[in-house]
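Student: Structure provided below as structure tokens; questions to follow.
The values are calculated or read from the model by the stated rules, or taken from the named source; none is laboratory data. Just so we're clear, the structure is a prediction, and the values are computed from it rather than from any experiment. Every residue, glycine among them, receives a Cβ derived from its backbone with ideal geometry; neighbour counts consider all protein chains shown.
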Amino acid sequence: MIDIHPPSHSDLPSIAEAQQLIRANMHALDQASSSAPFHPLPYASPTFVLTPHDIAWLALRDSELIPLLPSELSTTYWEMEYDRSITADANAQIVHRRDDVERLLHLHDDPATLSVAERESLLVAFSALDQALTNMRTALLIYNQANEAALAGKPFNPDTVFDQTGVR
């Protein structure tokens, strides 16, 4: 699924839901023996196309009028732009990791026929996808806070995001 809207806190539950299903699959893989079949739960890992909420920023950035802004506000916008690039990288990692999982799930006609080594590889791939989603969640929180600060004309302090999430 690709969302073409600006990310918001409402996107965080879709990440949490994907992680819950991925972790359930990891648990099932871990519990399955070589003789017990593994039947994966369907999951969707969200991806995002990020755009700033403030169209004025895009006009100022693209027309090179940034020097007209107060320095604190232009710094906040540039931090938001940087955060957008980090989030885009996190998104690319999700896509890559999801492809790794899908390749392993489709090695055979039925995932229940995966060998022990293939199951271990799939477990690692699910774990990497779960980590990529955690990275995206953190990046979205930072991006949202930077965007809100820019819209309010205030400087952005990333420590406020870490204080709220406990993630560093």
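Student: Going by what's in this entry, would residue 117 be described as out of contact with any Phe, Trp or Tyr (no Cβ under 8 Å at 6 or more places or on another chain), assigned to a helix (DSSP H, G or I) and either under 19 Å from residue 12 (Cβ atoms) or at pLDDT 85 or above (or both)?
Tutor: yes
Student: Now for a separate question. Would you confirm, using the coordinates I've provided, whether residue 61 is touching an Asp or Glu at 6+ places or on another chain (Cβ under 9 Å), over 30 Å from residue 41 (Cβ atoms) and assigned to a helix (DSSP H, G or I)?
Tutor: yes
Student: Quick check on this structure: which one of 97, 103 is part of a helix (DSSP H, G or I), basic (Lys, Arg), surrounded by fewer than 16 Cβ atoms within 10 Å (Cβ to Cβ) and in contact with a helix residue (DSSP H, G or I) (Cβ under 9 Å, 6 or more places away or on another chain)?
Tutor: After ruling out the rest, the residue left standing is 103.
Student: Applying the selection to segment 128-155, what residues are in a loop (DSSP other than H, G, I, E, B) and either surrounded by 14 or more Cβ atoms within 10 Å (Cβ to Cβ) or on the phi > 0 side of the Ramachandran plot (or both)? I'd like the intermediate steps shown before the answer.
Tutor: Going through segment 128-155, the residues in a loop (DSSP other than H, G, I, E, B) turn out to be 153-155.
Scanning segment 128-155 gives 153, 155.
Student: Being at pLDDT below 90, buried (at least 17 other Cβ atoms within 10 Å of the Cβ), touching a helix residue (DSSP H, G or I) at 6+ places or on another chain (Cβ under 8 Å) and aliphatic (A, V, I, L, M): is that true of residue 125 here?
Tutor: no
Student: Just to be sure I understand the filter: pairs with C-beta atoms under 9 Å, separated by 6 or more residues or on different chains, first member in segment 126-147 and more than 16 Å from residue 102 (Cα to Cα), second member among the acidic types (Asp, Glu) and outside any helix (DSSP H, G or I). Which pairs pass?
Tutor: Matching pairs, first to second residue: 147/54.
Student: Name every residue in segment 30-64 that is at pLDDT 70 or above and crowded, with 18+ Cβ neighbours inside 10 Å, in order of residue number.
Tutor: Within segment 30-64, 38, 40, 43, 60 qualify.
Student: Identify, please: which residue in segment 156-168 is more than 18 Å from the chain's Cα centre (by Cα) and either buried (at least 21 other Cβ atoms within 10 Å of the Cβ) or under 22 Å from residue 74 (Cβ atoms) (or both) and is, among those, modelled with the lowest pLDDT?
Tutor: Step by step, filter segment 156-168, then rank; the result is 160.
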